[in-house]
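Here is the structure we will look at.
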Amino acid sequence: MSITDIRDYADRVWSGEIDNDIATGRGGHPVVDIADGVGFLPGFGNAIAFRTDDELVLFDTGNARGAQRGHDLLRAWTDKPLTTAFYSHGHTDHVCGLAPFEAEPGSRIEVIGQERVRDRFDRYRLTAGYNEIINRRQFQIPDLTWPSDLRSPDLTFRDTMTVRRAGVTFELFHAEGETDDAAVAYVPEHKLLMPGDMFVWLVPNCGNPQKAQRFPREWAQALRRMAGLGAEIMLPSHGAPIFGADRIEQACLETADWLDAIVGQTLDMMNAGLRLDDIVPAVTPPARLADRVYLRARYDEPEFIVRNLWRRYGGWFDGNPARLKPSTDAELARAVVRLAGGLRPVLDEVARAADAGDLRLASHFAEMAVQADPESGAAQETRARVYGERARTEESLMARGVFAWAAAESQRAASLGEPQWRPAVVSLGAAE
């Protein structure tokens, strides 16, 4: 793909004519020359490369599965030694591509990242089993393994850092958004902005229900800072480039506006004393941004962000006193089944709710049926059908992943074999 092709591709993505499939890394795209000495390597976690006659520098390194492929494509672009690698943040689809380079004779690579990356890697080591389970569930990859050998940064910074490498200047600043350890980079020689995952061509990933705390308010602030840099090229770590100062400013400011609306509504209702259960359905994104291709809820979604904001500012208690020290789910389910007069009326209620199109309510009763009697084939089969339908109809990958996992779990329990459906793959990847 040439620079002309990538600009045309980026234009078509911006207009919504085509999906942002370059983000998956399928097709073995070679390194694309974006500017003199600047290369863009699309993948499941993009890498941005800088070369001179003496060295190669990377901003983000890709994931472990694509490490060898990325190495080979970069080596076709330059044979110069890799001297420096910047981490945009510590998620594993951005920090696990160095092994083939470090295996090269005489390799001496300095890794630079925000200081909290090291703390993240410590947490990953403590929760390796949990992270493996939830990422298998989220991405529906049964053989996904959590990396154990994470390459920590050699040089870190707290707030800002300016580094000169490969003949250009990297102006770094710390940001909080999807993570607390993000490093946004600006290269003034090329008016090039590298936001990492602070811009992902979708609703910002700051509500993820199975992952650590996200920072929607701070994310919006960082986006406004990015918009003021005057960049003419933006190379995100997921998805296609954006060319043109006007488009970059628009994408950053409108994404910030979108986040500010979610944050403002949520905090207003929290401050008014509403329960989480009342706030979640009441918060709505700005209608004027509903058609933006970079604000589609295909990965994360608004109601998850509201719940994450509640966790950030209000703790885990949702305002319902019964859930402060609750019965177990199974105890409550058995009581409901007793009140209903047995399992059959509960399963009938699942069918009524599903027929009425209320899959949320159907899920509650299907879950209760299995909790009350996990040995019931009818209950497991009903649960599999309900969550299978939810996996087919939900837009966000996060919701589809959890529902698909639940359906498959009940399929196996009911001895029905593996489901014949699979959740669609979204054109964005994040390993946490």
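Once the gyration tensor of the Cα atoms in the range 56-126 is diagonalised, the equivalent ellipsoid follows with semi-axes of 22, 13, 10 Å, ordered largest first. 3J(HN,Hα) along the range 123-131: 5, 4, 5, 6, 10, 4, x, 4, 5 Hz, from the Karplus curve 6.51 cos²θ - 1.76 cosθ + 1.60 with θ = phi - 60°, whole Hz, x for Gly and Pro.
Straight-line cross-link reach from residue 80 at under 14 Å between alpha-carbon atoms covers these aspartates and glutamates, not counting any fewer than eight positions away in the same chain: 53, 54, 55, 72, 102, 104.
What is the local net charge at residue 305, summed over the other residues whose Cβ is closer than 11 Å to its Cβ (Lys, Arg +1; Asp, Glu -1)?
On the way: positive: 214, 217, 307, 311, 312; negative: 300, 301, 303.
Neighbourhood net charge equals +2.
Near the amide H of residue 82, within less than 5 Å, lie the amide hydrogens of 56, all on another chain or at least 5 residues away, with H placed in the peptide plane.
For a quick check, take a GNM of the chain with Cα springs below 10 Å and name the residue from 105, 236, 147 with the largest mean-square fluctuation. In the Gaussian network model the winner is 105. With springs only between Cα atoms under 10 Å apart, run a GNM on the chain and tell me which of 254, 115, 331 wobbles the most. Sorting by GNM fluctuation, first place goes to 331. Potential lengthening of the chain between residue 126 and residue 268 amounts to 47.5 nm, from the contour at 0.36 nm per residue minus the alpha-carbon distance.
Net length available on complete extension from residue 291 to residue 99 is 65.0 nm, with 0.36 nm assigned per residue and the Cα-Cα distance removed. Kindly provide log₁₀ I(q)/I(0) values, in the same order as q = 0.19, 0.22, 0.29, 0.31 Å⁻¹, from the Debye equation applied to equal alpha-carbon scatterers of the range 305-352. With one equal scatterer per Cα and no solvent, log10 I(q)/I(0) is -0.75, -0.80, -0.98, -1.05.
Working ranking of peptides 127-136, 300-309 by packing, defined as the average number of other Cβ atoms within 10 Å per residue, highest first, is 300-309, 127-136. Hydrodynamic analysis of the chain uses the Kirkwood radius over alpha carbon pairs. Inserted into Stokes-Einstein at 10 °C and 1.306 mPa s, it gives a translational diffusion coefficient of 69 µm²/s.
Across every pair of non-identical alpha carbons in the range 1-124, the mean reciprocal distance, once inverted, gives a Kirkwood radius of 15.1 Å.
Histogrammed with a bin width of 5 Å, the alpha carbon distances of the range 105-236 distribute as 2, 9, 16, 19, 19, 16, 11, 6, 2, 0 percent, first bin at zero. In this calculation the C-beta distance from residue 171 to residue 141 is compared with R0 = 45 Å, giving a FRET efficiency of 0.80. Rg over Rh for the range 254-334 works out to 1.07, using Cα positions for both radii and the Kirkwood form for Rh. Other residues lying with their Cβ under 12 Å from the Cβ of residue 195 contribute a combined charge of -2, Lys and Arg counting +1, Asp and Glu -1. Considered as an equivalent ellipsoid built on the Cα gyration tensor, the range 277-412 has semi-axes of 29, 20, 13 Å, the largest given first.
Largest GNM mean-square fluctuation across 163, 386, 95, computed for the chain with C-alpha springs under 10 Å, falls on 163. Here is the size of the range 346-421 from its Cα atoms: Rg then Dmax, 11.3, 32 Å. Extents of the range 163-288, taken as max minus min of Cα coordinates on every principal axis and listed largest first, are 55, 30, 23 Å. Near residue 46, the amide H atoms lying under 5 Å from its own belong to 238, 239; only residues 5 or more places off or on other chains count, and H is placed 1.01 Å from N. Distance from the alpha carbon centroid of the range 134-160 to that of the range 329-359 works out to 40 angstrom.
Values in this text are rule-based calculations from the coordinates and carry no lab data. Model, not experiment: these values are computed from the prediction. Heads up, the Cβs are rebuilt from the backbone with ideal geometry, glycines too, and the neighbour counts pull from every protein chain shown.
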